[in-house]
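These notes concern the structure reproduced below.
The values are calculated or read from the model by the stated rules, or taken from the named source; none is laboratory data. It should be emphasised that the depicted structure is a prediction, and the values quoted were computed from it without experimental measurement. Glycine also receives a Cβ, built like all others from the backbone with ideal geometry; neighbour counts cover every protein chain displayed.
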Amino acid sequence: MIRNVFWILAVCLCVLHQIFQHGLGNRWWLADAYLDAFLSMPIVLGLMLQERQMMINLFVDEGIGKHYRFSGLQTIITGILLAIVFEEFLPRCFEGYTRDYWDYGAYALGIIAFHFLINKTKDTKLPTIRKH
């Protein structure tokens with residue numbers, strides 16, 4: 001289970017934005033245009049990191065996976081590939097998706113946020129929610 005405070009905050013902010021935008025019809029152009037792109041990287045990369053940690057714990061050695069982190073190169077390449085899928089593939093294949101080259105900037109900021117706030121090195125104390 002992902003217990004990183006910044007990942008949980010990204011998910012909650014994304015859900016709240018969707019509720020306000022689509023459920024309540026409240027529009028704020030800056031958030032509507034770029035917030036989802038920004039938040040998608042910490043959320044998706046965080047899920048991918050969690051999956052990798054679980055697989056390492058399951059198939060390699062239990063307990064080691066929690067220390068696994070993506071390298072900077074892995075983070076950048078994966079983020080770029082996801083951005084290309086979101087901005088190039090989805091708009092061509094599905095109605096309702098639009099290509100916006102400014103989103104690449106939001107994705108880049110999201111990749112940076114993931115790398116420094118969620119994908120911290122094992123030597124850095126990770127912010128977590130404590131179990132009671």
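Checking the stated criteria, Thr78 turns out to be touching a helix residue (DSSP H, G or I) at 6+ places or on another chain (Cβ under 8 Å), surrounded by 13 or more Cβ atoms within 10 Å (Cβ to Cβ) and either more than 20 Å from Leu9 (Cα to Cα) or at pLDDT 95 or above (or both).
Condition first: over 18 Å from Val5 (Cα atoms), among the acidic types (Asp, Glu) and at pLDDT 85 or above. Can you find one or more residues in the range 47-64 that meet it?
Start the filter on the range 47-64 by keeping residues that are over 18 Å from Val5 (Cα atoms), which leaves 52, 54-64.
From the residues that got through so far, the ones that are among the acidic types (Asp, Glu) too are 61-62.
Imposing the further condition that a residue be at pLDDT 85 or above reduces the set to none.
Within the range 47-64, none of the residues are over 18 Å from Val5 (Cα atoms), among the acidic types (Asp, Glu) and at pLDDT 85 or above.
Checked against (1) within 14 Å of Ile118 (Cα to Cα); (2) under 16 Å from the mean Cα position of the chain (by Cα); (3) assigned to a helix (DSSP H, G or I), Lys66 passes all but condition (2).
Taking every residue in the range 6-19 that is among the aliphatic types (A, V, I, L, M) and pairing it with any residue that is not in a helix (DSSP H, G or I), at least 6 positions away or on another chain, the pairs with Cβ-Cβ distances below 8 Å are Ile8/Ile2; Ile8/Ile129. Selection of the range 21-34 for residues being within 27 Å of Gln50 (Cβ to Cβ) and free of Cβ contacts under 8 Å to residues at least 60 places away in the same chain yields Gln21, His22, Ala31. For Lys120, indicate whether it is touching a residue at least 12 places away in the same chain (Cβ under 8 Å), over 13 Å from the mean Cα position of the chain (by Cα) and not in a loop (DSSP other than H, G, I, E, B). No: the conditions fail for Lys120. Inspect the range 49-56 for any residue being in contact (Cβ under 8 Å) with a residue 60 or more places away in the chain and surrounded by 14 or more Cβ atoms within 10 Å (Cβ to Cβ) and give the result as yes or no. There is at least one residue in the range 49-56 that is in contact (Cβ under 8 Å) with a residue 60 or more places away in the chain and surrounded by 14 or more Cβ atoms within 10 Å (Cβ to Cβ).
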